[in-house]
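Read through the structure below, which is laid out as structure tokens, and then see the notes.
Bear in mind these aren't lab numbers, they're just calculated from the coordinates by the rules spelled out. Quick caveat: nothing in here was measured; it's all calculated off a predicted structure. Using ideal geometry, Cβ is built from the backbone for each residue, glycine included, and neighbour counts are taken over all protein chains shown.
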Amino acid sequence: MVAQTPRTEHHAMVRRRLYNPAQLTPDELKTSFVARKDTLAEMLRLLGEQMPNRPCQHVMLLGPRGMGKTTLGLRFLHAIRETPDLAANWQPVPFDEESYGVDTLADFWITALQHLTGATGQPRWAKRAAALVEDEEDVERIAAYALAALLDFCQATRKRLVLFVESLDVVFAQIRDKRDMHALRATLIERPDILLIGSANAVFDGLVSRGEPFYEFFRIIALDGLGLEDARQILAAIADSEGRPEVTDTLQRDSGRLETICRLTGGNPRLLVLASRVLIESPLGRAFEDLERLVDEQTPYFKARIEALPFQARKVFHCLADGWAPMLAKEVARAAGLGSSHASAQLRQLVNRGYAKEIWLPGASRTRYEVSDRFYNIYYLLRFSRTGRDRLERLVAFLHDLFGPAGMRKMYPAALARLRTERASTEEVSEWLDVLVHHVARDLHYEGRDEWRRGAVDLALNRVGADSPVVGEIERAFALGDAEAICRKIIADRPEHAGAWVLLGIVLVQDERIEDGIAAFEHVLKDATPDDPPESRSMAAGILAYKGWALHKQDRHEEALASCQRAAKYVRPDDPLMLRYTAAVALRLSVAVLLESDRHKEAVAVLARAASYFRVDDPAALRHEAVRVLWAKGVALSHLEQHEESIAVWRQASEYLRSDDPVELRRSASTLLAVGSRWLNFRGKFVAAEACCRRATELDPLHDESWRVLAEGILWQEDERLQESEDCARRAVELAPNKSRALHTLADVLARRGEWTQALDQLEHALRIGGDDFQEQKWPGLTDSLIPAVAAGHGPRVRRIMENAGLVESMEPLWHAIRAELGEELEPLPTEIMETVIDIRQEIASTPASRPG
């Protein structure tokens with residue numbers, strides 16, 4: 001047997017305290033019990049006031065999991081044993097943590113007898129219990145005899161019993177017979193020899209519902225989150241046992257940190273201990289395994305509690321549990337996709353049922369909400385993260401919020417050291433570095449920052465590879481951190497330096513600290529007005545446009561829309577070039593938001609205003625922006641079925657372009673015109689589409705998509721121009737020989753001309769180089785191309801193409817239709833598939849062999 005060191009013995013004791021405090025020795029329990037001493041004293045005082053021959057005042061300990069109910073109850077029992085006056089009059093009897101076998105009153109008293117043997121070391125009580133169960137069949141007689149045996153003990157020893165029953169709410173729920181419950185209540189009232197101490201995770205109906213046997217029966221002791229002093233005692237004890245005095249030093253230097261720790265853990269002792277150990281050992285240590293194990297054990301309980309909620313309340317609860325910071329009702333509403341009043345009603349319901357609680361932050365005027373049991377946050381952290389990296393990111397963010405930058409600085413090098421020495425996979429190393437780098441890079445006061453950066457780069461190069469994205473991410477994160485340091489230094493010297501505030505906001509947004517970036521922007525915007533000189537209005541408009549873009553990235557669309565439209569108020573049609581360009585960009589972003597929410601009329605109105613900022617003699621960059629704005633306006637008009645107006649707008653857009661504009665601008669404009677032309681083709685406006693496409697090919701003769709859409713539009717018009725359509729399609733393939741869409745269009749043109757061998761060659765080539773992406777994007781068009789080929793007698797070739805391209809499963813109805821056309825007898829198929837097969841065969845029969853699509 002391997003001897004344990006003092007440190008490993010301590011870790012073993014901590015783990016027993018976390019998972020099974022009943023396994024602790026009395027000395028270990030006493031040593032580890034550093035909080036809730038006032039509550040213990042109150043319980044001992046209540047015990048001392050119990051009068052002989054008078055009914056006892058029974059007690060219920062209420063508090064979420066991890067709040068220390070078991071530890072407090074067991075410490076209370078040990079305190080009775082070590083206090084001579086109490087030990088002479090009371091016999092503590094702890095039940096097991098779970099009493100799942102108790103579902104009758106007889107079971108309750110038999111279990112008490114069995115545990116009496118454990119408490120006294122006298123086997124005769126367990127033997128009496130066993131004899132009763134064996135000899136008696138009537139449960140009422142068993143209950144009476146078992147209770148009599150307990151009272152025999154009291155009479156023989158002149159001691160009263162203290163029964164400590166954990167999860168008493170579960171025990172009560174298991175006892176289905178109300179007569180048993182009323183009999184238990186009567187016994188506890190009539191027999192002063194028995195004091196019942198129960199525990200439960202939350203208030204339950206048996207305590208608060210009128211008509212229930214134990215309504216208002218117990219003295220409730222609510223175990224709320226630890227106060228600051230108790231939390232300090234626990235953290236100091238952990239730091240001392242781990243030889244980490246800097247944890248205590250950090251708390252002394254940062255007076256607000258302890259309050260933050262208590263808020264983020266909900267003052268939950270178990271979570272406080274685990275989080276501290278995760279920090280001290282690094283998240284790669286054994287403490288994190290303990291955290292995962294704890295959540296694994298509690299998962300059935302968490303799931304049952306969550307599933308007991310109605311759907312809408314569950315959705316709101318999910319949003320609360322998914323984050324650590326207390327949320328405003330409107331933030332919950334946005335996250336849950338509900339109206340504000342509806343979300344508020346659900347939040348009130350969650351508060352009333354004990355799932356959530358109201359929070360008032362210092363200096364805040366509005367109520368916020370958070371889950372009442374912080375272990376739900378841990379549960380969601382570990383169970384609902386979308387990826388492994390997301391899970392790590394949330395864990396480290398939680399630790400950072402919990403202990404602050406100073407508390408994290410010992411963990412950073414420890415994590416690097418573990419990644420170097422432990423058997424972490426390449427993916428794990430990459431994920432950990434990607435998560436940690438942002439916290440280290442932002443900690444501008446961390447003396448080991450540069451050394452950590454070098455170590456991280458070295459580790460990434462050796463374990464992940466020079467081409468890994470994490471190498472570039474490390475450099476990017478530290479570059480942003482360095483830029484932030486420069487900005488903050490300038491601001492410290494010159495607090496009203498607008499340029500430094502703007503650059504700081506941009507850096508923070510790029511570092512995905514959106515709210516901090518917006519706060520920096522607002523420092524500049526607070527004094528700006530639309531009547532300022534052009535240079536001041538230019539800065540304000542640019543900030544608001546950038547802010548709108550940042551909010552749009554976060555899917556905060558209404559806020560983005562308001563910011564962009566506010567930007568346009570700072571710009572006039574006769575302003576200098578850059579101001580007009582900024583307004584146009586902001587309004588175009590507004591339109592993107594409006595189009596995404598199908599607010600097409602509003603989009604047209606905004607775009608009409610945006611068009612007022614452009615002139616045909618503007619420089620190329622602004623004229624190109626005009627094309628993008630007018631293209632978006634055409635799209636909005638098309639959605640409103642105003643096709644003639646959209647065609648006119650797209651024609652107008654081409655007037656802003658010249659053949660001598662920079663090639664990248666012409667290419668971008670040609671892309672927009674090609675997309676608009678394709679839209680017109682689908683609407684049957686072939687002549688207008690052709691005009692737009694021809695303008696696109698004039699602007700950029702090397703733009704393959706313009707030639708392809710032009711070929712498509714001509715193909716859909718009339719057969720007399722098939723040679724012209726083929727020429728355009730071949731030009732597209734010549735410019736982009738590896739683009740499957742161009743090959744597919746050429747195949748359709750050749751098929752229309754009856755050149756089926758070439759057509760199927762091109763289609764097979766398109767499938768070969770396009771892969772799954774082409775199949776997913778072009779599935780309907782692909783079907784329209786294959787059906788005429790089968791009608792033209794090329795069923796065997798089409799079948800081979802589908803087999804080689806892996807289309808048999810994804811296009812199952814067509815596959816079976818081709819088999820049937822080739823004379824195969826089909827096996828029984830599901831009704832919906834068979835009906836589709838019949839429809840396809842009818843389409844094959846009615847399709848002219850030379851007319852695909």
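Throw me the Rg/Rh for the chain, computed over C-alpha atoms with Kirkwood Rh, two decimals. List each step's numbers first, then the result.
Working: Rg = 37.1 Å, Rh = 33.8 Å.
Ratio of gyration radius to Kirkwood radius for the chain: 1.10.
Please list, by residue number, everything in the range 565-589 whose backbone N is under 18 Å from a paramagnetic label point 7 Å out along Cα→Cβ of Gln642.
Taking a point 7 Å out along Cα→Cβ of Gln642, the residues of the range 565-589 whose backbone N falls under 18 Å are 588.
Each label point is 7 Å from the Cα along the Cα-to-Cβ direction; what then is the distance between the points at Ala126 and Arg599, in nm?
Each label point is offset 7 Å from its Cα along the Cβ direction, giving 7.3 nm.
Which whole-angstrom value gives the distance between the alpha carbon centres of the range 714-746 and the range 109-183?
Going from one Cα centre to the other spans 89 Å.
Starting at the first residue of the range 405-420, write each ³J(HN,Hα) from the Karplus equation 6.51 cos²θ - 1.76 cosθ + 1.60 with θ = phi - 60°, in whole Hz, x for Gly and Pro.
Working through the residues one at a time gives x, 4, x, 8, 5, 6, 6, 4, x, 4, 5, 4, 4, 5, 5, 6 Hz.
Could you tell me the distance between the Cα centroids of the range 777-824 and the range 193-225, to the nearest Å?
Their Cα centres are 70 Å away from one another.
Assuming R0 = 35 Å, what is the FRET efficiency of Lys30 and Glu134, from their Cβ-Cβ distance, to the nearest 0.05?
Numbers: r = 40 Å, r/R0 = 1.14.
It comes out at approximately 0.30.
For the residue pair Thr421 and Ile220, what label-to-label distance in nm results when each label sits 7 Å from Cα along the Cα-to-beta-carbon direction?
Computed distance between label sites Thr421 and Ile220 equals 5.1 nm.
Around Leu622, what is the net charge, scoring Lys/Arg as +1 and Asp/Glu as -1 over all other residues with Cβ under 9 Å from its Cβ?
Local charge sum for Leu622: +1.
As a test of the definition: which semi-axes, in Å, follow for the range 404-493 when you take the square root of five times each eigenvalue of its alpha carbon gyration tensor? Largest first, please.
Details: eigenvalues 122, 45, 15 Å².
The answer is 25, 15, 9 Å, longest axis first.
How large is log10 I(q)/I(0) at q = 0.12 Å⁻¹ when the Debye formula is applied to the Cα atoms of the range 21-222, each weighted equally and without solvent?
Evaluating at q = 0.12 Å⁻¹ gives log10 I(q)/I(0) of -0.58.
Per 0.36 nm of contour for each residue apart, how much would the distance between Gln510 and Asp458 grow if the chain were fully extended, relative to their Cα-Cα spacing? The partial results should precede the final answer.
Values: separation 52, 0.36 × 52 = 18.72 nm, distance 2.49 nm.
Between Gln510 and Asp458, full extension yields an extra 16.2 nm.
Using alpha carbons only, how many angstrom separate the centre of the range 587-640 from the centre of the range 446-492?
40 Å
Where in the range 27-91 are there chymotrypsin sites (Phe, Trp or Tyr not before Pro) that are in a DSSP coil and have at most 16 other Cβ atoms within 10 angstrom of their Cβ? Present the calculation step by step, with values, prior to reporting the outcome.
Values: sites: Phe33, Phe76, Trp90; in loops: Phe33.
The qualifying sites: there are none.
Which entries of Lys303/Lys410; Lys569/Lys601; Lys489/Lys547 show an alpha-carbon separation above 25 angstrom in the structure shown? Before the final figure, lay out the partial values.
Details: Lys303/Lys410 36 Å; Lys569/Lys601 20 Å; Lys489/Lys547 23 Å.
Correct reply: Lys303/Lys410.
Mind checking which lysines have their Cα closer than 18 Å to the Cα of Lys69? Skip sequence neighbours fewer than 8 apart in that chain.
Lys30, Lys37
Go through 736-742, 110-116, 305-311 and give me the packing order, highest mean Cβ count within 10 Å leading.
Details: 736-742: 18.0, 110-116: 22.7, 305-311: 12.7.
Per-residue mean Cβ counts within 10 Å order the peptides as 110-116, 736-742, 305-311.
With both partners inside the chain, how many of the DSSP beta bridges are antiparallel, as a percent to the nearest 5? Intermediate results must be reported in sequence, preceding the final value.
On the way: 6 of 24 bridges.
About 25 percent, rounded to the nearest 5.
May I ask for the angle, rounded to the nearest 10°, between helix 469-493 and the longest principal axis of the chain, with both axes built from Cα atoms and the value confined to 0 to 90°?
80 degrees
Any idea what angle helix 449-463 forms with the longest principal axis of the chain, computed on alpha-carbon atoms, 0 to 90 degrees, nearest 10?
So the helix axis and the longest Cα principal axis differ by about 70 degrees.
Using 0.36 nm times the number of residues separating Asp38 and Ala87, minus their current alpha carbon distance, what extension gain do you get?
Working: separation 49, 0.36 × 49 = 17.64 nm, distance 2.05 nm.
Answer, rounded to one decimal: 15.6 nm.
Classify the range 778-852 from the C-alpha gyration tensor, please: rounded if a/c falls under 1.5, else prolate or oblate depending on whether a/b exceeds b/c.
Values: a/c = 1.42, a/b = 1.23, b/c = 1.16.
Taking the square roots of the gyration eigenvalues as a ≥ b ≥ c, the range 778-852 is rounded.
What number comes out for the charge environment of Asn804, summing +1 per Lys or Arg and -1 per Asp or Glu over other residues with Cβ under 11 Å away?
Values: positive: Arg768, Arg797, Arg799, Arg800; negative: Glu764, Glu803.
Residues near Asn804 contribute +2 overall.
List the GluC sites (Glu not before Pro) within the range 678-725 that fall in a DSSP loop (any state other than H, G, I, E or B) and whose Cβ has at most 11 other Cβ atoms within 10 Å. Please report the intermediate quantities before stating the final value.
Numbers: sites: Glu690, Glu698, Glu705, Glu712, Glu718, Glu720, Glu724; in loops: Glu718.
When the GluC sites (Glu not before Pro) of the range 678-725 are filtered for loop state and at most 11 Cβ neighbours within 10 Å, Glu718 remain.
If packing is taken as the mean number of other Cβ atoms within 10 Å per residue, what is the order of 139-145, 632-638, 52-58, 833-839, highest first?
On the way: 139-145: 17.6, 632-638: 24.7, 52-58: 12.9, 833-839: 14.6.
Ranking, from highest mean packing down: 632-638, 139-145, 833-839, 52-58.
Compute the angle between helix 105-120 and the longest alpha-carbon principal axis of the chain, please, reported from 0 to 90 degrees and rounded to the nearest 10.
The angle comes out at about 70 degrees.
Sort 602-608, 326-332, 487-493 by packing, meaning the average of other beta carbons within 10 Å per residue, with the highest value first. Provide the component values of the computation, followed by the final result.
Working: 602-608: 20.6, 326-332: 19.0, 487-493: 14.3.
Answer by packing, highest mean first, reads 602-608, 326-332, 487-493.
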